[in-house]
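Scroll down for the structure; my scribbles are underneath it.
The values are calculated or read from the model by the stated rules, or taken from the named source; none is laboratory data. As the structure is a computational prediction, the values presented were derived from the model and not from experiment. So basically every Cβ, Gly included, is an ideal-geometry build from the backbone, and we count neighbours across all protein chains shown.
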Amino acid sequence: MTHLALTNVSKHFGDFMAVRDFNLDVKKGEFVSFLGPSGCGKTTTLRMIAGFEIPTSGTISIEGVDITNKAPSQRNVGMVFQSYALFPNMTVAQNIGFGLRIRKEKEAAVTDRVKEMLSIINLENKADSYPYQLSGGQMQRVALARALAIRPEVLLLDEPLSALDAKIRVSLRAEIRSIQQKLGITAIYVTHDQEEALSLSDRIVVMNTGEMEQIGTPFEIYNFPTTVFSANFVGTLNNASAEVVDPANGLISIDGVQFESAVNLKERKKGDKVRVAIRPERLSFVSEQKKANVVDATIESITFLGSVVRIKVKIGDTKFNMDTFNNPFLDLPQIGAVEQVTCSREAVLVLDE
Amino acid sequence: MASEKIRKVAAMNILARIRRIPFWSWFWFILGALYFLLPLYATLNFSLRMERDVIGFKAYIRAFEDPDFLKTFLYSNVLALFTIIASIILIVPTAYWIRLRLPEARRIVEFITLLPFVVPAIILVFGLIRIYSSPIKIPFTDIKLLQPLTTFEVGTDILIVAGYMVLGLPYMYRSVDTGMRTVDVRTLTEAAQSLGAGWFTIIVRVILPNIRAALLSGALLTFAIVVGEVTLASFLGVPAFGPYLFLLGQHRAYEPAALSFASFLLTWVAMGLIQLFTGGQGQAAGTH
Amino acid sequence: MAQTALNKKGSSPASDWKKWIGVFPFFLFAILFLVLPSLRLFVGSFTNAEGQFTIANILQLFQEQSILDAYWLSIRISAATALGGGIFGFLLAYSVTVGGLPKPLRSALITFSGVASNFAGVPLAFAFIATLGRTGFVTALIKNLFGVNLYQQTDFDLYSFWGLSLTYMYFQFPLMVLIMAPALDGLKREWREAAENLGASTTQYWLRVALPVLLPSILGSMILLFGNAFGAYATAYALTGGRLGIITIQIGAQIRGDVLHNPGLGYAMAMGMVVVMAISLIGYSWLQKRSERWLR
């Protein structure tokens, strides 16, 4: 049931390796995000699916048909650009109908389809407006409609929301997701915003300097990151160097303070250096609920972030962020006091250094 | 079999490389280069052949040694200098005033700077001569304020400098205005005032130095316009370089070619300097 | 715009008037050396020999065959060089922008265009005489390479309509390049990619998207080129010595001595020119505004 497959796809630009050995099987109707910082190769990979770049090696296929070397105009994938790229000399309706007219469809069919798309994106009253008369959010919806009008096999979106205001971004991304689900269309979404990726995707591909770091569902990526990069990039994280104390029982020590982890350490030896990550929201005060690990922590600062209160603590010699939900009856400790902090074994993530 | 495949791939690579060469772009470009360079080459070639069968600079030497050349070239340069200075004195305070105190005047001032396009040199000189060849009187009386400017030398000098200022107005104003916008003269002025500077100090020591690039670019363009100008110069009867060159062309063959090529080089230097100082697009001006 | 600390007084009529002092020198200069001369011509065109108001001069503009011929010749040359200069200039600008030639060639072309568009008048005329005159370089080249004697075997004459047009191109092409290069840069790469993505070929993209978007710019520039050629005097005079009767040359003759025996008619001729230039400037400005809307 693989709809879109990328197999061993690599791309060089001269000496520069933009994408290395990218492998992905996407099911029909699946929403997959490519998530990573600028320059990680996510846009390049997307453009290879669209046909604007040709892979140096590897193949791309849709429904089993190899499209690796096909011209962009022959692929039947719909692309939404970051800068919308609406044709300025055409009205909204003409923009949406462009692909259909190129395919020489009958005028009546084109008009119907355009009307259909306009109602999906809720811009029926703007059909005869020109792009320069529209707001950013409206332009992006038209761009989406234009890409969907041709009934593409795959919908590609290249950071479509980064040029928009924060509020519009949130409402528009929900709209994009609901349209995608309603039409059941396979979608690849490129973004550097982890909140977007987490909230929209069926699966996320975390990318870094041309390589795939991790593939998984949002839940998996957030809670079970497999690499330091994934852990750092998605969500905030406490990060510390540690030493393995007892591989059989999963004990590690951070600056001499011992933690028990649920991660399988049997492959390691005592004294191995590892990287330990703990999500801020997994640390809490013992007074609330005692969990497997209990350590002493000195309170360094307390910052009020709205719905969350961030407490900086020092455990051993290492600083940690501790996040707790805000409520009016919160009993916050004094700065400089030593309190007992606890977290579960599962919260202690051990990653490769 | 493997070597055959390698050869095929190599051939495909060469083909792909060839297909990527934009044939038509090169075609138009080379055609354009030919059109532009041939006349320059022809002029240069002709100018070097004054002595029979010898390529030499005789024409250049003869041309530069002509006392009339020196006189008129100097005159035109001085004219250009006066035009530039007068333009700066007129335009810089005006542009400054508009930016700071009188934005309402902007539209009408910009309209005025467009007028020289509508009134080309030949029309301008027509009007200038007709108006200033009669004495300037207070209307409806016989009281003479000024003798006709066209009848005395300083008068025609004034007229032609004014005329050149008009021709250069669009470019000079635009250049200065853009320069002031880039540098944000409003903030600079406020800073200078808060430090106690008076108006004269502000303009001379704060504003002018900061719009140097714009002034230079406007000045160089004015220079390019004035030195080769013929229309205003010949009708107003001033001893400028343009009319001299034209007259030379009636009597001699090689020297005019030499001076033409030299003037092309001079224009190139001026425009090159502009590019250096502004790093932007070239500007189009000049009397045709 | 907000008032700054510089302008402490409120907007009373007295201080309103004072504000305009700063631009007074400029207005005075404009009046003395731009407005008054133009006005003199304007008023003169409506004045007859006795000094009274008349529209006879204007009417005569359209009746006097020699004047109509002069205007028509000027219009034809301007239109020819605007069209030719526009098309070829566009192709040149295209070749170094979208057309994909190496970057250094683009800077060379832009710099050269800046120079060439200022290289007009007497030196340009001499350069073309040295190139295509009777003993010109290219004339000789054609004789040697193709055995064709340009001046004897063909109708070609440098000192004619086509010769002058060819010469005018030397500053028309560059002007077009200087205007179109930035406009072509304004064509977003994403438009071409979006069009390709939706199934369009390169030709379809140019016909349906790129050329329509560029059209106001192209037309506006051609109109500017038209005005540019229409008002040209020095090049034509230096090249043809006044033999080719374009309108600027006729006006020049009129300035030197009243060849029409009717000063008012001379002024009317000048005014006619101003009207044509004004129409061309208005057309250019309007089209420029429209193109800015799309090529932001």
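Looking only at the range B:214-230, filter to residues that are among the β-branched types (V, I, T) and more than 8 Å from the chain's Cα centre (by Cα); which one of those is nearest to B:L124 (Cα to Cα)?
Here is the first cut: in the range B:214-230, the residues among the β-branched types (V, I, T) are B:222, B:225-227, B:230.
Next cut, more than 8 Å from the chain's Cα centre (by Cα) only: B:227, B:230.
Details: B:V227: 18, B:V230: 13 Å.
Step by step, filter the range B:214-230, then rank; the result is B:V230.
I need the full set of residues from the range A:65-81 which are part of a loop (DSSP other than H, G, I, E, B) and within 23 Å of A:M139 (Cβ to Cβ), in order please.
Passing the criteria: only A:F81.
Would you mind finding the one in B:A219, B:A213, B:A224, B:A191 that is on the phi < 0 side of the Ramachandran plot and within 11 Å of chain C (Cβ to nearest Cβ)? Spell out the reasoning first.
Numbers: B:A219 fails: within 11 Å of chain C (Cβ to nearest Cβ); B:A213 fails: within 11 Å of chain C (Cβ to nearest Cβ); B:A191 fails: within 11 Å of chain C (Cβ to nearest Cβ).
After ruling out the rest, the residue left standing is B:A224.
Considering only the range C:218-296, give the helices (runs of 4 or more DSSP H) lying wholly within it that have at least 2 residues that are within 11 Å of chain B (Cβ to nearest Cβ) and closer than 26 Å to C:F126 by Cβ. Reasoning before the result, please.
Values: elements: C:234-240, C:247-256, C:263-294.
Output list reads C:234-240, C:247-256.
On the given criteria, is A:L157 modelled with pLDDT of 95 or more and either in the same structural domain as A:T45 (by TED's automatic domain parsing) or β-branched (V, I, T) (or both)?
yes
As an exercise: evaluate A:E213 against (1) crowded, with 22+ Cβ neighbours inside 10 Å; (2) part of a helix (DSSP H, G or I); (3) of a type in the set (D, E, K, R); (4) within 16 Å of the chain's Cα centre (by Cα) and give the number of the one condition it does not meet.
(2)
Let's see how each residue does on (1) modelled with pLDDT of 90 or more; (2) closer than 28 Å to C:L187 by Cα; (3) surrounded by fewer than 24 Cβ atoms within 10 Å (Cβ to Cβ):
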| site | (1), (2), (3) |
| --- | --- |
| C:I223 | yes, yes, yes |
| C:A232 | yes, no, no |
| C:A236 | yes, no, no |
| C:A253 | no, no, yes |
| C:H261 | no, no, yes |
| C:M273 | yes, no, no |
| C:I279 | yes, no, yes |
| C:S285 | no, yes, yes |
| C:R296 | no, yes, yes |
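Take the residues of the range C:179-213 that are outside any helix (DSSP H, G or I) and of a type in the set (A, V, I, L, M): which is nearest to the other protein chains (Cβ to nearest Cβ)? Steps first, please.
Kept after step one, since they are outside any helix (DSSP H, G or I), are these residues of the range C:179-213: C:186-188, C:198-201.
With the extra rule that they be of a type in the set (A, V, I, L, M), the set shrinks to C:187, C:198, C:200.
On the way: C:L187: 10, C:L198: 4, C:A200: 5 Å.
Step by step, filter the range C:179-213, then rank; the result is C:L198.
Identify, please: which residue in the range C:74-112 is over 27 Å from C:A232 (Cβ atoms) and more than 9 Å from chain B (Cβ to nearest Cβ) and is, among those, surrounded by the most Cβ atoms within 10 Å (Cβ to Cβ)? Please lay out each step first, then the result.
If we filter the range C:74-112 for residues that are over 27 Å from C:A232 (Cβ atoms), which is where we start, we get C:97-107.
Then keep just the ones that are more than 9 Å from chain B (Cβ to nearest Cβ); that gives C:97, C:102-104, C:106.
Working: C:T97: 21, C:P102: 9, C:K103: 8, C:P104: 9, C:R106: 18.
Checking each candidate, the answer is C:T97.
For the range A:96-110, give me the residue count where each residue is in a helix (DSSP H, G or I) and either more than 9 Å from chain C (Cβ to nearest Cβ) or hydrophobic (A, V, I, L, M, F, W, C) (or both).
The first filter runs over the range A:96-110 and keeps only residues in a helix (DSSP H, G or I), leaving A:96-102, A:107-110.
With the extra rule that they be either more than 9 Å from chain C (Cβ to nearest Cβ) or hydrophobic (A, V, I, L, M, F, W, C) (or both), the set shrinks to A:96-98, A:100, A:102, A:107-110.
Qualifying residue count for the region: 9.
Residues to consider are A:G51, A:G78, A:G39; find the one that is more than 27 Å from A:F98 (Cβ to Cβ) and out of contact with any Cys (no Cβ under 8 Å at 6 or more places or on another chain).
A:G39
Being in a helix (DSSP H, G or I) and within 9 Å of chain B (Cβ to nearest Cβ) is true for just one of C:F128, C:F119. Which residue is that? First the steps, then the outcome.
Numbers: C:F119 fails: in a helix (DSSP H, G or I).
None of the others qualify; the one that does is C:F128.
I'd like to check something: does the range B:67-81 contain any residue that is modelled with pLDDT under 90, surrounded by 15 or more Cβ atoms within 10 Å (Cβ to Cβ) and farther than 19 Å from B:F246 by Cα?
For the range B:67-81, residues modelled with pLDDT under 90, surrounded by 15 or more Cβ atoms within 10 Å (Cβ to Cβ) and farther than 19 Å from B:F246 by Cα: absent.
Answer yes if at least one residue in the range A:13-29 is in contact (Cβ under 8 Å) with a residue 12 or more places away in the chain and in a loop (DSSP other than H, G, I, E, B), and no otherwise.
Kept after step one, since they are in contact (Cβ under 8 Å) with a residue 12 or more places away in the chain, are these residues of the range A:13-29: A:17-29.
Checking which are in a loop (DSSP other than H, G, I, E, B) leaves us with A:28-29.
The answer is yes; a qualifying residue exists.
Considering only the range C:138-178, how many residues are away from chain B (no Cβ under 12 Å) and over 15 Å from the mean Cα position of the chain (by Cα)? Steps first, answer last, please.
Start the filter on the range C:138-178 by keeping residues that are away from chain B (no Cβ under 12 Å), which leaves C:143-157, C:159-163, C:165.
Now drop any that are not over 15 Å from the mean Cα position of the chain (by Cα), which leaves C:143-157, C:159-163.
Result for the range C:138-178: 20.
Just a yes or no: is a residue in the range C:168-178 part of a helix (DSSP H, G or I) and farther than 18 Å from C:A93 by Cβ? Working first, answer last.
Initial filter on the range C:168-178 (part of a helix (DSSP H, G or I)): C:168-178.
Okay, now just the ones that are also farther than 18 Å from C:A93 by Cβ, so C:168.
For the range C:168-178, residues part of a helix (DSSP H, G or I) and farther than 18 Å from C:A93 by Cβ: present.
Considering each of A:T318, A:T303 in turn, give the residue that is closer than 21 Å to A:V228 by Cα and of a type in the set (V, I, T).
A:T318
Would you mind telling me which numbered condition in (1) within 22 Å of B:G179 (Cβ to Cβ); (2) surrounded by fewer than 16 Cβ atoms within 10 Å (Cβ to Cβ) B:L37 fails?
Among (1) within 22 Å of B:G179 (Cβ to Cβ); (2) surrounded by fewer than 16 Cβ atoms within 10 Å (Cβ to Cβ), B:L37 violates only (1).
Scan the range A:33-64 for residues that are outside any helix (DSSP H, G or I), in contact (Cβ under 8 Å) with a residue 60 or more places away in the chain, crowded, with 19+ Cβ neighbours inside 10 Å and of a type outside the set (S, T, N, Q) and jot them down.
A:F34, A:L35, A:G36, A:C40, A:G41, A:I62
If I ask for residues that are at pLDDT below 85, within 27 Å of C:I249 (Cβ to Cβ) and not polar (S, T, N, Q), which ones from the range C:137-157 would you list?
Of everything in the range C:137-157, those that are at pLDDT below 85, within 27 Å of C:I249 (Cβ to Cβ) and not polar (S, T, N, Q) turn out to be C:L150, C:Y151, C:D155, C:F156, C:D157.
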